[in-house]
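So the structure is just underneath, and the comments pick up after that.
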Amino acid sequence: MAANPSFDIVSKVDRQEVDNAFNQAEKELGSRFDFRGTGTTLAKSGEAFTITSETEERATAALDVFKEKLVKRNISLKSLDAGEPRQSGKTWKIDLKVVEGIETEKAKAISKKIRDEGPKGLQAQIQGDQLRVTGKKRDDLQAVIALLKQEDFGVALQFTNYR
């Protein structure tokens with residue numbers, strides 16, 4: 001007899017698409033008229049991004065440009081952790097981070113939601129930064145996917161390895 005049907009709940013981001021969005025936003029900031037002479041830049045260091053500008057308004061506008069490029073590339077804004085604009089000397093900075101993986105507290109909340117509102121007989125196991133949901137029927141698994149898509153847990157969820 002085959003193993004029970006299962007799927008994984010993960011929160012992953014396509015790094016290549018994030019890099020493409022970064023490059024497009026950087027190019028747009030360099031060419032747009034309203035950003036000329038404001039010293040607005042978008043920089044990348046490792047996995048983190050920094051927006052720097054002479055005014056707070058231009059920094060938040062640059063953040064909006066970057067978000068727009070992420071959305072066009074099908075990257076969920078829930079994966080972007082943007083800090084508050086802060087003043088650093090004469091410039092304003094916004095620190096950005098792309099978040100991957102499901103934190104333990106959020107994984108527990110998802111697991112509890114499956115137990116409380118999902119079909120009976122399903123098991124949700126936390127495996128590092130992802131969850132595995134196992135059940136006897138594929139229809140129950142599809143019902144759980146529909147249930148979780150309706151709920152907002154503060155992270156971008158993808159459903160993979162559906163067997």
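Values in this text are rule-based calculations from the coordinates and carry no lab data. Everything quoted here is computed from the prediction, not taken from an experiment. Neighbour counts run over all protein chains shown; Cβ positions are idealised from the backbone, glycine included.
Cross-link check: pairs LYS27/LYS106; LYS112/LYS136; LYS12/LYS90; LYS27/LYS72; LYS12/LYS67; LYS44/LYS113 evaluated at a Cα-Cα cut-off of 27 Å; pairs beyond the cut-off: LYS27/LYS106; LYS12/LYS90; LYS44/LYS113. Taken about its Cα centre, region 15-98 carries a charge dipole of roughly 140 debye when the Cβ of each Lys and Arg holds +1 and the Cβ of each Asp and Glu holds -1.
Tell me, what is the percent relative contact order of the chain, built from C-alpha pairs under 8 Å that lie six or more residues apart? Present the calculation step by step, with values, prior to reporting the outcome.
On the way: 262 pairs, mean separation 54.3, N = 163.
Worked out over the chain, it gives 33 percent.
In this structure, the amide hydrogen of LEU80, modeled 1.01 Å from its nitrogen in the peptide plane, lies closer than 5 angstrom to those of VAL99, counting only residues at least 5 positions away or on a different chain. Just name one of THR52, GLN123, THR104: the one whose Cα is farthest towards the positive end of the charge dipole of the chain (beta-carbon charges, Lys/Arg +1, Asp/Glu -1). Positive-end residue among those listed: GLN123. Partner aspartates and glutamates whose Cα lies under 17 Å from the Cα of LYS137, excluding those fewer than 8 positions away in the same chain, are identified as ASP8, GLU117. Across region 15-98, the mean sequence separation of Cα contacts (distance under 8 Å, 6 or more residues apart), normalised by length, yields a relative contact order of 30 percent.
With runs of 4+ DSSP H residues as the only contributors, calculate the mean residue ellipticity of the chain at 222 nm using -39,500 (n - 2.57) per run, divided by the residue total and rounded to the nearest 500.
Numbers: 4 runs with 61 residues, N = 163.
After summing the helix terms and dividing by residue count, I get -12500 deg cm²/dmol.
Size of the dipole of the chain about the Cα centre, Lys and Arg at +1 and Asp and Glu at -1 on the beta carbon, nothing else charged, in debye to 20? Intermediate results must be reported in sequence, preceding the final value.
On the way: 28 positive and 26 negative charges, 102 e Å.
For the chain, the charge dipole is close to 480 debye.
Note on ALA82 and GLN16: with the Förster distance fixed at 30 Å, the Cβ-Cβ geometry gives a FRET efficiency of about 0.90. On the beta carbon distance between LYS44 and LYS136, with R0 = 45 Å, the FRET formula returns roughly 0.45. In order along region 8-13, phi translates into HN-Hα couplings of 10, 9, 10, 10, 10, 10 Hz, rounded to whole numbers, per the Karplus curve 6.51 cos²θ - 1.76 cosθ + 1.60 with θ = phi - 60° and x for Gly and Pro. Amide H contacts of LEU157 (H built 1.01 Å from N, in plane; Pro and chain starts excluded): no residue 5 or more places away or on another chain comes under 5 Å.
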